[in-house]
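This report refers to the structure that appears directly beneath it.
None of the figures in this text is laboratory data; all of them are computed from the coordinates on show. If you're wondering where the values come from, they're calculated on a predicted model, not measured in any experiment. Don't worry about glycine lacking a Cβ; one is built from the backbone with ideal geometry, like all the others, and counts go over all protein chains shown.
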Amino acid sequence: MSARVLLVSLSLFLLMACDKKEDDISSGKSYSGRLTFVLSRTFPTLHAESAVDISIDADGKVGFSQPEEVYFEAVSEKIMAGDRVKLTETGVIRITSLSGNLKSVNGKDYLMVAVSMTIDGELTHWDYRYPDWICAGDDPYTVSDPVSCPLMFRMENALMDEALCGHSCCNNWGNTCYRWKLVLQPA
């Protein structure tokens, strides 16, 4: 019985020791990197990115570059229920404000980011009736803050590869993914 207790204790000690390999990121270090918003959709096939540079100084102050508007356009066709369908989509991604701060939660360091953004677009549905495409619907839309804030990025993940926050949803046409990606390196 005591051998089991010793093995369990040793296993827990090793797990805790392995978990600390990069967790000791002090706020006394400076970092720079990139925060990227990615919009992707399966139909119409769409991939758009809006990125800002980020800096974290040794005192923990977080700064962001000025975000630029990103315009996107997509056109896709497919056969649905025996009918030929085409979707066209145009729009713009606008990031209107960003702020951030460092926070330690359960001994792990996180970058907390508050962001305000909108995606304004127009989705047009076309049906094919030989020999022409016929407009079957034209739907303008606005999506505000598609990922709940504050975004919570683990610093260790951002320094080793990337840290992600996101949200996916599905509609009649396919899947849409809204994703934030943070990549950092020591400055």
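Highlighted here are the strands (runs of 3 or more DSSP E) found entirely within the stretch 85-187 that include at least 1 residues which are loosely packed, with under 15 Cβ neighbours inside 10 Å and without any contact (Cβ under 8 Å) to a residue 12 or more places away in the chain: 108-129, 132-144, 163-170. Residues that are in a loop (DSSP other than H, G, I, E, B) and of a type in the set (Gly, Ala, Ser) were ranked within the stretch 42-76; the one that is nearest to Lys29 (Cα to Cα) is Ala58.
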